[in-house]
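Structure, as structure tokens:
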Amino acid sequence: MPASLERSRSGNGGHVWIFFAGPVQAALARKLASAILTRTMERRYALGLDSYDRLFPSQDTMPKGGYGNLIALPLQRGPREKGNSLFVDDQLQPYDDQWAFLSSIKRLTPEEVQTLLRNVYPAGDVINVRHVATDYDVANDPWLLPPSGGVVDKAITEPLPPNISITLGNLIYVEKKDLSDVFLDRLMRLAAFQNPEFYRAQAMRISTFGKSRVISCAEDLRHHIALPRGLLKEVLDLFDSHRIAVKVTDLDSAEFLSSLISRRPQANADRGGQGSGGFR
């Protein structure tokens, strides 16, 4: 995939540019960028699902009466004088001749983009999180939708641990130790879904500003991934499908049992020491 990295104007980040040989529909360009992000998160899950909101153009269609998306172009004089707003190489060093570099960039044709997408995501769903079927873009072949708006994932071939620990509290806490980025990305996506409000606004050709494309209910903690308890079956199924034994510790049950035990002496005292009380 030909892509070019520009150091941001501040110098604290970067922008990845993909150049096309001719005009390309915004929907197709966004689909390509989304596919790249999805594959990248399989290697670096911590990139975050909110990365889908950092694409330009920001939506497939132009809002009624809108001007489209304003993008800060590279090679701006002020930042350039500080070594920023420049295209950089693999070592993050600016190219000596920026114009020569730009003239050497391979530009993708719409046909090449379509071929890339078909090879990587034959089913057409490049975001790979569940969605609401009624709001699903018909251009993405809704008849390919699995039940309940879920997604069909390929088996993970990277090395995985033989066992893992899960703690049930207010959330499901999955220990991250020894789990690969691609597996952690799968866990995060179990608790994510495509935001119907984003697609509804886009279909009505109104601004999607402030509407996240993907809503995530997962939390990435230092040592654990935290997921809603309602996903317990799906979490266990994911581990089972990859032959990982799971040790589950239910804190709620432990606290309830502890509460019962702590009440037994008081219950016996109330009965005058007669019998063993009502707790067994």
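The values are calculated or read from the model by the stated rules, or taken from the named source; none is laboratory data. Note that the structure is a prediction, hence the values are computed from the model and not measured. Here the Cβ is made from the backbone with ideal geometry for all residues, glycine too, and neighbour counts use every protein chain on show.
The table below gives the values:
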quantity	calculated
The stretch 219-244 residues that are surrounded by 14 or more Cβ atoms within 10 Å (Cβ to Cβ), paired with ones that are of a type in the set (D, E, K, R) (beta carbon under 7 Å, 6 or more apart)	His224/Glu175; His224/Lys176; Ile225/Lys176; Ala226/Glu219; Leu238/Arg186
Yes/no for Ser85 being hydroxyl-bearing (Ser, Thr, Tyr) and in contact with a helix residue (DSSP H, G or I) (Cβ under 9 Å, 6 or more places away or on another chain)	yes
Search result, residues across the stretch 176-208 that are closer than 30 Å to Arg243 by Cβ and part of a helix (DSSP H, G or I)	Asp181, Val182, Phe183, Leu184, Asp185, Arg186, Leu187, Met188, Arg189, Leu190
Subset of the stretch 209-238 [among the charged types (D, E, K, R) and outside any strand (DSSP E or B)]	Lys211, Arg213, Arg222, Arg229, Lys233, Glu234, Asp237
Pair list, Cβ < 8 Å and 6+ apart or interchain, from the stretch 100-113 residues that are more than 19 Å from Val24 (Cα to Cα) and in the same structural domain as Phe19 (by TED's automatic domain parsing) to residues that are of a type in the set (Val, Ile, Thr) and modelled with pLDDT under 95	none
Selected residue (criterion: surrounded by the most Cβ atoms within 10 Å (Cβ to Cβ)) from residues of the stretch 20-32 that are in a loop (DSSP other than H, G, I, E, B) and aliphatic (A, V, I, L, M)	Val24
The stretch 156-192, residues that are among the acidic types (Asp, Glu) and surrounded by 14 or more Cβ atoms within 10 Å (Cβ to Cβ)	Glu175, Asp181, Asp185
Residues that are surrounded by 18 or more Cβ atoms within 10 Å (Cβ to Cβ) and either among the basic types (Lys, Arg) or in contact with a helix residue (DSSP H, G or I) (Cβ under 7 Å, 6 or more places away or on another chain) (or both), drawn from the stretch 193-215	Tyr199, Thr208, Lys211, Arg213, Val214
Residues satisfying the stated conditions in the stretch 4-60, i.e. at pLDDT 90 or above, closer than 17 Å to Leu73 by Cβ and aliphatic (A, V, I, L, M)	Leu5, Val16, Ile18, Ala29
Pairs where the first residue, in the stretch 59-74, is not assigned by TED's automatic domain parsing to the domain that holds Arg200 and the second is in a loop (DSSP other than H, G, I, E, B) and of a type in the set (Asp, Glu), C-beta under 9 Å, 6+ apart	Asp60/Asp137
Some residue of the stretch 206-216 being in contact with a Leu (Cβ under 8 Å, 6 or more places away or on another chain), at pLDDT below 95, not acidic (Asp, Glu) and not assigned by TED's automatic domain parsing to the domain that holds Ala27	yes
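Residues are listed down the side, and each one gets a yes or a no for (1) hydroxyl-bearing (Ser, Thr, Tyr); (2) within 19 Å of the chain's Cα centre (by Cα):
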| residue | (1), (2) |
| --- | --- |
| Ile18 | no, no |
| Gly22 | no, no |
| Leu32 | no, yes |
| Tyr67 | yes, no |
| Ala72 | no, no |
| Arg80 | no, no |
| Leu92 | no, no |
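One line per residue, one yes/no per condition, for (1) assigned to a helix (DSSP H, G or I); (2) loosely packed, with under 13 Cβ neighbours inside 10 Å:
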site: Arg9; (1), (2): no, no
site: Ser34; (1), (2): yes, no
site: Tyr52; (1), (2): yes, no
site: Lys64; (1), (2): no, yes
